Amino acid sequence: MDLLNTLVDKGLRRELPTREEALAVLATSDDELLDVVAAAGKVRRQWFGKRVKLNYLVNLKSGLCPEDCSYCSQRLGSKAEILKYTWLKPDEASKAAAAGVAGGAKRVCLVASGRGPSDRDIDRVSETIEAIKGENEGVEVCACLGLLKGGQAERLRDAGADAYNHNLNTSEATYKDICSTHEFSDRVETVQHAQSAGLSACSGLIAGMGESDADLVDVVFALRGLDPDSVPVNFLIPFEGTPLAEEWNLTPQRCLRILAMVRFVCPDAEVRLAGGREVHLRSMQPLALNLVNSIFLGDYLTSEGQAGKADLDMIADAGFVVEGAGETTLPDHRDGLVSVRRRGAGTDLAPNA
């Protein structure tokens, strides 16, 4: 297909596809699916070889969120049957993180429900980051605490955080349909706060919420504009007790097309297969490793994941290898930019600095 040859060439040059090309990937037929996967796989291998990065999620605080995001089991008014608890102590979080690191994870993601952290919450998380890094040499820590206020990203960086996650989730045009308690622009601003502080930005999307192909392309192009280093792709898990409980509209084939489109638009970013992969990709999960270079190991926020050993077996059986603790995830040109941002955070660097 001329389309796929064009997209491969652009991906190898880190050139942005057109919106029409991205939409065309989503519109390909099931008969063309293996060709799409093979083409996006060439781009994935160019920038990441056969490495798969493992990430481990620690839920620091669960439930009772004042925001009304329709997809979330922790939302205001949710009737979903989930665990609800307040902040884990630093030693509890560190113990949980150690289990993931022992399983091969090189990044620990610290997540807490809520609109955004208070200054006291930043203190708590800072203590947790220090505890985790003190017990696990070389581990990366990413925080995901909601909307950030001025100065909070800098405090997390100073405590040792490497990255900050805040997803855009869906297109700006449809954001008001899934949330009324904050705006799309608030999310964009938080990603920019993290980048300005020298943190590696992690921002992605949720597919399967009833959005159109145009919405998916819009949010992925918005992400490309923000240029996060990591792009997690979540597939909606329709929790009973939430407004989107009946949104079962994804197939394994559609999930693979979405992942391929994300890879073509964000060729050299860490594309992470995140929540919902077990539910929607099912037996086609190994095929997705040709498109993504990062997955979560174990459970998610309020849902169970695949057993860690099954993930490791899947990676090996599909011909991929787990990325080692000493290996650099991002390509050299992008990893260098992360280092420059971190060194220059909060300063006005001269052009030749």
If I stretch the segment between Lys84 and Phe221 completely, what's the gain in nm (0.36 nm per residue apart, minus their alpha carbon distance), one decimal? 45.8 nm
The extension gain from Glu15 to Glu32, computed as 0.36 nm times the residue separation minus the Cα-Cα distance, is 3.8 nm
Neighbour-count ranking for Val141, Val271, Val340 (other C-beta within 10 angstrom, fewest to most) reads Val340, Val141, Val271
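What number, rounded to the nearest 500 deg cm²/dmol, is the helix-based mean residue ellipticity at 222 nm of the chain, given -39500 (n - 2.57) per DSSP H run of at least four residues and division by all its residues?
Counting only the DSSP helices, I get -12500 deg cm²/dmol.
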Hey, which aspartates and glutamates would be in cross-link range of Lys149, C-alpha to C-alpha under 13 Å, not counting anything within fewer than 8 residues on its own chain? Asp119, Asp121, Asp186, Glu189
Arrange the following residues from fewest to most other Cβ atoms within 10 Å of their Cβ: Met1, Met209. Met1, Met209
Cα gyration tensor, the chain - rounded (a/c under 1.5), prolate or oblate: rounded
Whole Å is fine, so just give me how far the alpha carbon centre of the stretch 124-177 lies from that of the stretch 1-34. 33 Å
Restricting the count to DSSP beta bridges whose residues both fall in the stretch 28-339, what percent are antiparallel, rounded to a multiple of 5? 5 percent
Positive-end extreme of charge dipole, the chain - chosen from Ala163, Leu33, Cys65 (charges on Cβ): Ala163
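For the pairs Lys42/Lys309; Lys42/Lys95; Lys53/Lys95, note any where the Cα-Cα span goes beyond 31 Å.
Working: Lys42/Lys309 27 Å; Lys42/Lys95 39 Å; Lys53/Lys95 21 Å.
Pairs exceeding 31 Å: Lys42/Lys95.
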Hand me the chymotrypsin sites (Phe, Trp or Tyr not before Pro) from the stretch 236-340 located in a DSSP loop with no more than 15 other Cβ atoms within 10 Å, in residue order please. Trp248
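Counting other beta carbons within 10 Å of each residue's own, what order do Lys42, Lys61 fall into, fewest first?
Working: Lys42 16, Lys61 22.
Going from sparsest to densest Cβ surroundings: Lys42, Lys61.
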Segment Leu64-Lys176, length gained on full extension (0.36 nm per residue, minus Cα span): 38.2 nm
What is the chain's relative contact order, in percent, from Cα pairs under 8 angstrom and six or more apart in sequence? 23 percent
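With a cap of 15 neighbouring Cβ atoms within 10 Å, and only residues DSSP puts in a loop, list the GluC sites (Glu not before Pro) found in the stretch 104-156.
Details: sites: Glu127, Glu130, Glu135, Glu137, Glu140, Glu154; in loops: Glu137.
In loop regions of the stretch 104-156 (DSSP not H, G, I, E or B), the sparsely surrounded GluC sites (Glu not before Pro) are Glu137.
A short reminder: the numbers here are calculations on the coordinates, not readings from a lab. Everything numeric here is computed off the predicted structure, so don't read it as measured data. Cβ coordinates were reconstructed from backbone atoms using ideal geometry, including for glycine residues, and neighbour counts include every protein chain displayed.
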